[in-house]
Every structure is written in C-alpha cells, then in structure tokens.
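Comments concern the structure below.
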Amino acid sequence: MAYSAEKLSEEKVFKDPVHRYVHVQDKVIWDLIGTKEFQRLRRIKQLGTTFLTFHGAEHSRFNHSLGVYEIVRRIIDDVFVGRPEWNNSERLLTLCSALLHDLGHGPFSHSFEKVFDTDHEDFTRAIILGDTEVNKILIKVAPDFPQEVAEVIAKTSDKKLVISLISSQIDADRMDYLQRDAYFTGVSYGQFDMERILRVMRPREDQVVIKQSGMHAVEDYIMSRYQMYWQVYFHPVSRGAEVILSKIFHRAKYLYKNDYTFKYPPQHFYSFFEKREIVEDYLKLDEAVILYYFQIWQEEADPILSDLCKRFMNRNLFKYAEFDPAKEYKKLTELTALFKKANIDPEYYLVVDSSSDLPYDFYRPGEEGERLPIHLLMKNGDLKELSRESEIVEAISGKRRTDHKLYFPLDLIQDVTTKKNTKKQIMALLEI
Ligand code: CA
C-alpha cells in the first residue's frame, strides 16, 4: 500500500482539553508528530510572555498544532467528504499543512524575530524542505510533497480552498487558538460555537464559505476574536514583559558586537548575532535554552543585561503610561534627555510599544495586505460578503484600532537620588 494511504492498525487518540480528543488514523500524521522538529514545539509556549499576566497560559505550540490538525480533520472527514466541490485527494496535503503550519516558530518568536531579523515562516519552509526528519517523512509520500506542503503554508499554492482552511479570516488556526487561549488563560471571551460553524462550512473552488444559517455563530466568533485581542493578546502587562524580553536580546547582541567578555558565552546565539540563520542552530533553540541564559545572565557584569534578566526572571516588570505618539513626541524627547541625566539608559528603559488589530476586513482589492473576506452562501446559491448581511460585523469591519503605551522602570526612577530635580521632572512628565 502507498505510504500516503497507510492507516494505523488502531486509531490513536490524544486527550485534549479543548476538543476532547484528537484523532489520528493516518500513518503519515503519526510519523510527523513523532519527529524531533515537531516534538520541539512542546518547548515553545503558544502565548510567549502572557503567562506572566495569566498564569495558566503555559500551553505550547504542540497543543495548538494538534488542535488545528483536528479541526481540519473534522471539517474534511465529517463535513466535506463526498461533496462534489471537495477533492478528497487533497486530504493528506491539508492535514499535513495544518499540523505543520507553526513548525518554524521559535522561542518567544515575536521579540526574537524583531531583534534578530528572522522570520518564522522562512524557518517553517526551511525545516520542511531541509535535511530534517519531517522532510524525510513528507518525501516518502511523494518527491514533490514537501514543496506542496510548504506552498500551502506560505499561501503561494494555487490550492486556494486548502489554504483557506488553514489561513483565512475564519480558519482552523484562529478557531483553535481562540478557544485554547481562552481555556488556558481562564477568560470567558474566547468561546463560540465551533461545532455549529464546522457544520455550516461548505467547500467552494477557491475558498470555504458559510451557509447563511450559520451567520450568528460566525458573528459570535468574530466578537470573541475582538475581545481576546483586547483582553488577552494586547494586555499591557504581557506587552511590558515582551519589552523587557526584546531588550535582553538587544543588549546581548550589542555586547557581543562590542566584544564584551561574557561570563557565560552565549554559544546558542552566535549564528543569530552574526545573522547566519542556520536551521540546525535554530532547532536547538527553545524556551528552556533561552530561560537558561536569562537565569545565568543575572550574574553578568554588565549592569543592564543583569538587571533586565533579573526583571524577567523575577517578574519585576516595567510600569506603563498611555502614550499618543502623534501629540506627545516632544514629551518623549524631554523624557529621553532626563533619563540620560539620571543615568538610566533610555534605549533600554524608556520604550514605546504599539499594538493594533483589525477584527474583520472586507475585500479591498489592490490594497496592501488585502484579506479574503468571509462569504455567506445564500439559499439561492449566491455568495454574499459577511459585513453586508451582518450589522454587528459591519460595525467593526475595516476599523483598525491601535493602542500605544510608554514603558519605564518605576523603581529605578524612584531610586534616582543624586539629581533631585531630574527625578521630579521625570515623575511629573510620566504623571506618577
Ligand atoms: Ca497558529
């Protein structure tokens, strides 16, 4: 029997707190889960620094990846199979792409990518196509199968329907992380009736559409996404922890470039400091390794690196103030000068962070980052863009909301003793 069609002699199930069970029947999927590149995702948290705000948020990208796979499997095996618009020979491609879509994520991806100028999507591709255990399994399916999977994940494949299951404004990725992140943070916002949405999904040539009768379940999903962004993902405390994290990377890189002698040489980072981006080195990085360095760097002679690591490890985070970059640039310039006077390096200790989200977008052809909208399948067979039917969705469509915060270490400011006036001025400007 062809490897692609091989089934396990007995179905395997993973107990999952969100989907109850994750079912695996295909040998290929089972083998992929067992690879070291996929197992590495156990050691990377789905929500980065959010656990410092919501202590339950310790779930991993491994959990999430299995969840995305399971949602796609249910859509295909329970809803799509047998429908003329669905080509079931694309089942394995879809399942593999769902399972592997986050394979290239690194530890604390967001900050890591910003400082080292890497891209988890490039690494996903490199891992799938490189000399890895994952590649060896995919290639057994067919010689061009790794390439096909990589193209679906990169959204460059011409299989638009398959892409839309994994990456669109209503896809398995979002449906999993909203529910999973809600479950593990303990908030009540991320819930919506996924079973209902799955049941009303229909395959079309170039995208998944939703039967009109499922519109209210989709409204609920969009609202829960909106709520999760503002209540969890953009939580100012987690963002403050993220600021410290990126400043640690930043400082370590700066010291390395300036020939500082580390007590504990950061070997795991060398290829990233030098921007060599070697896949083997990337795969050796996980959060256990990063936290090991943060732990030992607390004892480094460099006061900034040591202080920032202590803050992260012991959760002594920065405080924040609302900040309007359009109106308050003068204030920022003044603060920068005052911080220097007070011997607090503003590059590391005075940081503006901006977060923004677009809860739902209708189609704006030709615009940058255009997004395929959600289409409702009307009773007469026509397709209608969601915001034209739903007043709730229309109200938030196309509206980007941005939030800016200014982060600073309150304790260091309070400790400024030598220059009384400087301290007073800083506190007045920050309104503390
Ligand atoms: Ca994902």
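The values are calculated or read from the model by the stated rules, or taken from the named source; none is laboratory data. Keep in mind that this is a model prediction, so the values were computed, not measured. A quick note on method: Cβ atoms are made from the backbone with ideal geometry, for glycine too, and the neighbour counts reach across all protein chains shown. To get the accessible areas, we keep the full protein, side chains included, count just its heavy atoms, and leave off ligands, DNA and RNA. Shrake-Rupley method; radii C 1.70, N 1.55, O 1.52, S 1.80 Å.
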>> Loop only by DSSP, 16 or fewer other Cβ within 10 Å of the Cβ. Give me the trypsin sites (Lys or Arg not before Pro) in the stretch 136-230 that pass, ordered by residue number.
In response: Lys155, Arg204
>> Only bridges whose two residues both fall in the chain count here: according to DSSP, what percent of them are antiparallel, nearest 5?
In response: 90
> Hey, any idea what the orientation-averaged projected area of the convex hull of the stretch 32-173's Cα atoms comes to, in nm²?
Replying inline: 9.4
> Under the definition of Cα pairs under 8 Å and six or more residues apart, what whole-number percent is the relative contact order of the chain?
Replying inline: 15
> Under a 1.4 Å probe, what is the accessible area of the stretch 98-154 per residue, stated in Å²?
Replying inline: 39
> Scanning the chain for GluC sites (Glu not before Pro) in DSSP loops with at most 16 other Cβ atoms within 10 Å, what's the longest stretch left with none?
Replying inline: 86-204
> Any idea what log10 I(q)/I(0) is at q = 0.17 Å⁻¹ for the stretch 276-315, Debye with uniform C-alpha scatterers and no solvent?
Replying inline: -0.52
>> Let me check I have the definition right: for the stretch 177-285, take the eigenvalues of the Cα gyration tensor, multiply each by 5, take square roots. What are those semi-axes in whole Å, largest first?
In response: 44, 19, 11
>> With +1 on the Cβ of every Lys and Arg and -1 on the Cβ of every Asp and Glu, and nothing else charged, how large is the dipole of the stretch 236-330 about its Cα centre, in debye rounded to the nearest 20?
In response: 300
> On average, how much accessible surface per residue is there in the stretch 215-373, in Å², for a 1.4 Å probe, leaving out ligands, DNA and RNA?
Replying inline: 48
> log₁₀ I(q)/I(0) of the stretch 167-222 at q = 0.17, 0.30 Å⁻¹, via Debye over equal Cα point scatterers, no solvent, to two decimals?
Replying inline: -0.54, -1.29
>> Using the Cα centre of the stretch 1-92 as the reference point, and only Cβ charges (+1 on K/R, -1 on D/E), how large is the resulting charge dipole? Debye, rounded to the nearest 20.
In response: 380
> Can you give the FRET efficiency for Asp144 and Gln191, using 1/(1 + (r/R0)^6), R0 = 56 Å, r = Cβ-Cβ distance, to the nearest 0.05?
Replying inline: 0.85
> Picking from Ile304, Ser246, Ser224, whose Cα lies most toward the positive end of the charge dipole for the chain (charges on Cβ: Lys, Arg +1; Asp, Glu -1)?
Replying inline: Ile304
>> With a 1.4 Å probe and all protein chains left in place, how much of the accessible area of the stretch 30-117 comes from carbon and sulfur atoms, in whole percent?
In response: 47
> Sorted from largest down, what three extents in whole angstroms do the Cα atoms of the chain have along their principal axes?
Replying inline: 77, 50, 39
>> Cut-off 10 angstrom, C-alpha nodes, Gaussian network model of the chain. Which of Ala142, Ala241, Ala252 fluctuates the most?
In response: Ala142
> In nm², what is the average projected area of the convex hull enclosing the Cα atoms of the stretch 1-111?
Replying inline: 8.3
>> Probe radius 1.4 Å, ligands and nucleic acids ignored: give me the carbon and sulfur share of the accessible area of the stretch 299-423 as a rounded percent.
In response: 49
> If you place +1 on the Cβ of every Lys and Arg and -1 on the Cβ of every Asp and Glu, how big does the dipole about the Cα centre of the chain come out, in debye to the nearest 20?
Replying inline: 1100
>> Per 0.36 nm of contour for each residue apart, how much would the distance between Glu334 and Lys160 grow if the chain were fully extended, relative to their Cα-Cα spacing?
In response: 57.5 nm
>> Over the Cα atoms of the stretch 248-390, what radius of gyration and what Dmax do you get, in Å?
In response: 23.1, 72
> Measuring with a 1.4 Å probe in the full set of protein chains, what accessible area per residue, in whole Å², belongs to the stretch 1-75?
Replying inline: 41
> If you project the alpha carbons of the stretch 119-236 onto their three principal axes, what span does each projection cover, largest first, in Å?
Replying inline: 44, 38, 19
> At a Förster radius of 60 Å, what calculated FRET efficiency corresponds to the Cβ-Cβ distance of Tyr292 and Arg388, to the nearest 0.05?
Replying inline: 0.70
> Relative contact order of the stretch 200-293: what whole-number percent is it, with Cα pairs under 8 angstrom and at least 6 residues apart?
Replying inline: 12
>> If I build a Gaussian network model for the chain, linking alpha-carbon pairs within less than 10 angstrom, which residue out of Leu95, Leu335, Leu386 has the largest mean-square fluctuation?
In response: Leu335
> Which of Phe145, Leu92, His64 sits farthest toward the positive end of the charge dipole of the stretch 38-154, with +1 on the Cβ of Lys and Arg and -1 on the Cβ of Asp and Glu?
Replying inline: His64
